[in-house]
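Read through the structure below, which is laid out as structure tokens, and then see the notes.
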Amino acid sequence: MGRKLLTEHVNVEGIETFEVYRKHGGYRAVEKALKTMTPEEVVDEVKKSGLRGRGGAGFPTGMKWSFLAKPEGVPRYLVCNADESEPGTFKDRYLMSKLPHLLIEGMIAGSYALGARTSYIYIRGELLYVLRILEKAIAEAYAAGFLGENILGSGYSLDLYVHPGAGAYICGEETALLESLEGKRGNPRNKPPFPAVQGLYARPTVVNNVESIASVVPILNDGGDEYAKLGVGKSTGTKLFSACGHLNKPGIYELELGLPVEEFIYSDEYCGGIWKGRELKAVVAGGSSVPILPKELILKTAAGENRLMTYESLSDGGFVTGTMLGSGGFIAMDETTCIVKNTWNFSRFYHHESCGQCSPCREGTGWLEKVLHRLEHGHGSMHDIDLVVSVAKQIEGNTICPLGEAAAWPVAAAVRHFRDEFEWHVKHPKEATQPGAVYRGAGVLV
Amino acid sequence: MAKITFDGIEVEVPDGTTILNAARKIGGGVVPPAMCYYTPLKGSGGKCRACLVRVAAGSAKDPRPMPKLVASCITPVQDGMVVENTTSPQVLDVRKGIVEMLLINHPLDCPVCDQAGECDLQNFAFEHGVSTTRYEEERRTFEKIDIGPYVQLHMTRCILCYRCVYTADQLTDGRVHGVLGRGDASEIGTYIENIIDNDFSGNVIDVCPVGALTDKTWRFKQRVWFTKPMNAHRECSHEKCNGHVTLWYKGKDVLRVTARKDEYGEVKEWICNECRFDKKETADWIIEGPAHVDRSSVVSQGHYELPVINPQVIADLPESTVRDLQQNPPLKLGGFNG
């Protein structure tokens with residue numbers, strides 16, 4: 001197995017407590033940053049590391065930090081986006097519940113780099129037990145002098161708060177998160193202005209994913225250049241993947257970016273192949289929002305090269321033959337999976353989670369779900385298959401926030417790659433609606 | 001100042017102006033439709049996506065096109081920006097899609113809706129939509145709730161533009177209604193059943209682009225195109241109201257009082273409930289003259305307004321007409337927007 005930077009000590013007994021974490025090299029990054037580095041130098045290290053946002057979009061973290069407006073006498077904020085709710089993604093929950101101090105350490109270093117005096121961790125409402133773990137860890141960090149006034153005698157002070165959401169997927173969108181954190185309805189804001197200029201309480205704000213912030217700790221410990229040596233090309237470092245679905249060994253894997261997808265799925269070191277000796281049918285590589293790919297395209301690119309677990313390789317071929325790395329929610333589906341049902345299920349989720357603010361998403365997500373429901377339950381027509389593609393196209397790119405795209409992409413991709421399966425549902429409604437019936441290509445029935 | 005090219009027309013506007021307002025400066029057919037943006041309401045806009053336009057060049061400094069269509073009502077102009085609205089097939093196509101989306105859950109009950117004839121969605125669908133629908137499933141409906149003696153809420157017609165929410169926020173002290181629920185189940189409501197009771201509550205009727213909020217004192221009295229709008233004013237004792245209104249006449253009866261609106265349906269001066277609901281006699285008002293209504297509006301079908309002809313701008317008038325005008329000059333009443 002490759003090198004682990006985040007989860008190296010995850011199985012150490014009591015690592016969630018301050019003492020054990022400290023004994024295993026914890027808070028070295030904060031000491032190093034506060035005692036020997038200026039905030040600009042911390043930002044530079046993160047820039048050098050090539051770290052890309054781990055929440056899904058993959059925007060370079062160092063660059064995001066350098067965009068932060070810094071007007072005189074105006075407070076700035078660092079907000080950690082711990083509202084992880086994408087179906088298939090559960091890496092942040094794992095990281096926070098096992099290694100709460102890693103996130104806190106990253107928050108301190110990040111806040112120092114950005115000049116934030118107060119920072120927030122906005123956590124998903126359902127993760128109440130993680131919230132308690134974090135609050136306990138924060139109390140320990142205060143007691144040890146790593147939070148509060150004049151940290152380590154450096155003159156830098158920081159207060160850190162954890163704030164739970166109320167259970168809305170949309171609050172994982174950064175501006176909806178900020179609205180919710182301000183105590184308002186979690187509707188995404190119109191951009192511009194961007195959070196880097198007017199974020200929380202209309203102050204300059206950086207919103208980062210849990211894993212991005214945690215990754216700052218190894219970057220500061222080993223140096224940005226060392227971190228950048230890991231990985232391939234512009235996909236540097238390690239990343240957590242939450243593998244789930246029909247795998248022999250689902251779970252959280254920390255991988256050095258660049259591992260071939262085939263090795264990740266089939267190697268005993270990682271997922272150990274598809275369960276019950278079945279065949280792989282399709283993979284959703286980065287959480288439910290990214291396009292689904294059939295087996296042939298997830299293992300090899302259209303050009304016949306090995307598909308790697310990197311931002312670039314997974315998106316090779318655009319949306320025609322590629323997908324996205326996304327948030328690392330790796331969902332594998334075996335040959336018994338009905339793609340139509342799965343697509344309907346995803347679109348039911350987006351229908352439920354649309355905030356209802358802008359018209360294409362509010363009306364379109366519901367429409368998609370209803371038509372897919374019809375197709376799945378044997379009442380669809382050939383026309384409906386084109387209809388879902390057309391509706392997805394009407395939503396995509398025309399909404400306030402990316403939830404519109406997240407709802408449209410999986411539907412468009414499912415029809416793109418599995419059109420024959422949709423058509424089979426229309427042509428053979430009786431067979432298709434039998435329990436457990438699955439299309440296996442060329443009219444072969446189970 | 002920033003100079004932009006909108007549909008091939010150059011216009012110069014102050015920095016920070018939105019694309020929509022730059023287009024309104026040009027006026028006429030190039031102006032994008034707006035269902036949720038409302039100039040007097042801070043924070044409004046960006047929601048309905050009706051005003052999406054294509055930015056073919058971001059600015060003189062960075063002439064790259066913007067990757068997605070942008071909402072013209074909230075996007076500020078940059079010097080050298082090139083915007084395509086009616087000249088872009090993509091924009092027109094997307095707008096068709098927006099009409100379709102908005103009409104999914106909006107009932108086509110125009111024949112019994114008091115807003116018909118002055119409805120933004122009706123105009124929008126007429127101008128940009130298609131006459132068929134591809135939606136076959138059940139449509140969203142709501143239980144009727146009572147929000148007070150003056151304002152009728154028809155939630156089923158609501159397109160969730162949030163204008164009434166901003167109005168209540170910015171005009172009154174305690175907003176009691178808002179958006180409840182999420183997605184296509186969101187609704188305007190008062191939590192828990194409450195009546196909207198303040199001196200300016202009637203203004204939510206004027207800002208509503210559809211017939212979701214209508215005037216209870218005017219319900220089912222008359223189709224709007226059978227009435228004649230007259231601008232009028234009175235000395236209003238309310239400190240925030242200056243009593244400048246439009247009276248809607250049928251014969252000698254004042255059926256309805258509204259605030260005065262400009263050509264984009266935007267209220268310039270808010271009026272109080274006393275002026276709106278309690279003063280329905282001609283004797284209460286000082287009449288200024290007919291309110292201007294656009295020729296293309298169905299409200300103009302009554303042809304109540306005398307033609308406004310200005311020989312100085314129309315060069316080639318026949319001599320007989322010029323002579324006729326000199327002998328019988330058109331009445332100069334009110335003029336545009338009073």
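The values are calculated or read from the model by the stated rules, or taken from the named source; none is laboratory data. Keep in mind the model is a prediction, meaning the values are calculated, not measured. Reconstructed Cβ throughout: ideal geometry from the backbone, glycine too, with neighbour counts over all protein chains shown. Just the protein is used for accessible areas: all its heavy atoms, side chains included, with ligands, DNA and RNA removed. Shrake-Rupley method; radii C 1.70, N 1.55, O 1.52, S 1.80 Å.
For labels at A:Arg416 and B:Asp253 in the simple 7 Å Cα→Cβ model, what's the distance in nm?
Rounded to a tenth, the inter-label distance reads 6.2 nm.
Roughly how many percent of the accessible protein surface of chain A is carbon and sulfur, given a 1.4 Å probe and a whole-percent answer? Numbers along the way, then the final one.
Values: 8690 of 16370 Å².
Result for chain A: 53 percent of the exposed heavy-atom area is carbon or sulfur.
Report the one residue of A:Ala168, A:Asn209, A:Tyr94 whose Cα lies farthest in the direction of the positive end of the charge dipole of the protein assembly as shown (charges on C-beta: Lys and Arg +1, Asp and Glu -1; origin at the Cα centre).
The one lying farthest along the dipole's positive direction is A:Ala168.
Over all residues in B:46-56, what is the mean tally of Cβ atoms on other chains that come within 10 Å of each residue's Cβ?
Other-chain Cβ atoms within 10 Å of each residue's Cβ, averaged: 3.
Distance between the C-alpha centers of the range A:211-231 and the range A:27-66? Whole Å please.
Using only Cα atoms, the two centres lie 8 Å from each other.
Within the protein assembly as shown, what percent of beta bridges assigned by DSSP are antiparallel, to the nearest 5? Can you show the working numbers first?
Details: 55 of 78 bridges.
Roughly 70 percent of the beta bridges in the protein assembly as shown run antiparallel, per DSSP.
Run the numbers on chain B and let me know its relative contact order in percent, using alpha-carbon pairs under 8 Å that are six or more apart.
About 13 percent, as a whole number.
Largest first and in whole Å, give the semi-axes of the range A:1-138's equivalent ellipsoid, each being the square root of 5 times a Cα gyration tensor eigenvalue.
On the way: eigenvalues 115, 69, 52 Å².
After scaling each eigenvalue by five and taking roots: 24, 19, 16 Å.
When Cβ neighbours within 10 Å are restricted to other protein chains, what is their mean count per residue of peptide B:100-107? Before the final figure, lay out each step's value.
Details: counts 8, 13, 4, 1, 7, 5, 1, 0.
Taking the mean over all residues of the peptide, I get 5.
With the Cα gyration tensor of chain B in hand, give its eigenvalues times 5 under a square root as the equivalent ellipsoid semi-axes, listed largest first in whole angstrom.
On the way: eigenvalues 197, 185, 79 Å².
Calculated on Cα positions only, the semi-axes equal 31, 30, 20 Å.
If you place +1 on the Cβ of every Lys and Arg and -1 on the Cβ of every Asp and Glu, how big does the dipole about the Cα centre of chain B come out, in debye to the nearest 20? The partial results should precede the final answer.
Numbers: 39 positive and 45 negative charges, 53 e Å.
Around 260 debye, computed over chain B.
What ranking, highest mean first, results for peptides A:73-82, A:5-14 when packing means the other Cβ atoms within 10 Å averaged over each residue? Could you put the intermediate results ahead of the total?
Working: A:73-82: 21.5, A:5-14: 15.1.
Per-residue Cβ counts within 10 Å, averaged per peptide and sorted highest first, yield A:73-82, A:5-14.
Using only DSSP helix segments of four residues or longer, with each worth -39500 (n - 2.57), what per-residue ellipticity at 222 nm results for chain A after dividing by its residue count and rounding to 500?
On the way: 19 runs with 193 residues, N = 446.
After summing the helix terms and dividing by residue count, I get -13000 deg cm²/dmol.
So in chain A, what percent of DSSP beta bridges are antiparallel if you round to the nearest 5? Show your work: numbers first, answer last.
Details: 20 of 41 bridges.
Counting only bridges with both partners in chain A, antiparallel ones make up about 50 percent.
For a distance above 43 Å, tell me the whole-number percent of Cα pairs in chain A that qualify.
Values: 14359 of 99235 pairs.
Value for chain A: 14 percent of Cα pairs lie more than 43 Å apart.
May I ask which residue of A:Gly58, A:Ala109, A:Ala33 lies farthest towards the positive end of the charge dipole of the range A:18-230, with charges of +1 (Lys, Arg) and -1 (Asp, Glu) on Cβ and the Cα centre as origin?
A:Gly58
Using unit Cβ charges (K, R positive; D, E negative) and no other charged atoms, how large, in debye to the nearest 20, is the dipole of the range A:76-219 about its Cα centre?
Details: 13 positive and 15 negative charges, 41 e Å.
Using Cβ point charges on Lys, Arg, Asp and Glu, the range A:76-219 gives about 200 debye.
Order the peptides B:274-284, B:70-80 from the highest to the lowest mean number of other Cβ atoms within 10 Å of their residues.
In descending order of packing, they fall as B:70-80, B:274-284.
How do A:356-365, B:216-225, B:242-251 rank on mean C-beta neighbours within 10 Å, highest first? All intermediate terms of the calculation are to be shown ahead of the outcome.
Working: A:356-365: 29.3, B:216-225: 15.7, B:242-251: 19.6.
Highest to lowest by the protection proxy: A:356-365, B:242-251, B:216-225.
Tell me, what does the Kirkwood hydrodynamic radius of the protein assembly as shown come to in angstroms if you use every pair of distinct C-alpha atoms?
Numbers: mean 1/r = 0.0342 Å⁻¹.
By the Kirkwood definition, the hydrodynamic radius is 29.3 Å.
Add +1 for every Lys or Arg and -1 for every Asp or Glu among the other residues with Cβ under 15 Å from the Cβ of A:Pro60, and state the total. Walk me through the numbers on the way to the answer.
Values: positive: A:Lys47, A:Lys48, A:Arg52, A:Arg54, A:Lys64, A:Lys234, A:Lys239; negative: A:Asp44, A:Glu45, A:Glu211, A:Glu312.
Local charge sum for A:Pro60: +3.
Within 10 Å of each Cβ of B:185-191, how many other protein chain Cβ atoms are there on average?
2
Using +1 at the C-beta of Lys and Arg and -1 at the C-beta of Asp and Glu, which of B:Val13, B:Trp225, B:Leu103 has the Cα lying farthest in the positive direction of the dipole of chain B?
Looking along the dipole axis, the top candidate is B:Leu103.
For chain A, calculate the relative contact order in percent as a whole number, restricting contacts to Cα pairs under 8 Å that are 6 or more residues apart.
Working: 934 pairs, mean separation 68.6, N = 446.
It comes to 15 percent, rounded to a whole number.
Based on alpha-carbon centroids, what's the gap between the range B:87-116 and the range A:311-353 in Å, whole number please?
32
What number comes out for accessible area per residue over the protein assembly as shown if the probe is 1.4 Å? Units Å², please. Intermediate values should be presented prior to the final figure.
Numbers: 33070 Å² over 784 residues.
On a per-residue basis, the protein assembly as shown sits at 42 Å².
Nearest 20 debye, what's the magnitude of the dipole of the protein assembly as shown about its Cα centre given +1 on Lys and Arg Cβ and -1 on Asp and Glu Cβ? Write out the running numbers ahead of the final one.
Details: 86 positive and 98 negative charges, 65 e Å.
So the dipole magnitude of the protein assembly as shown works out to roughly 320 debye.
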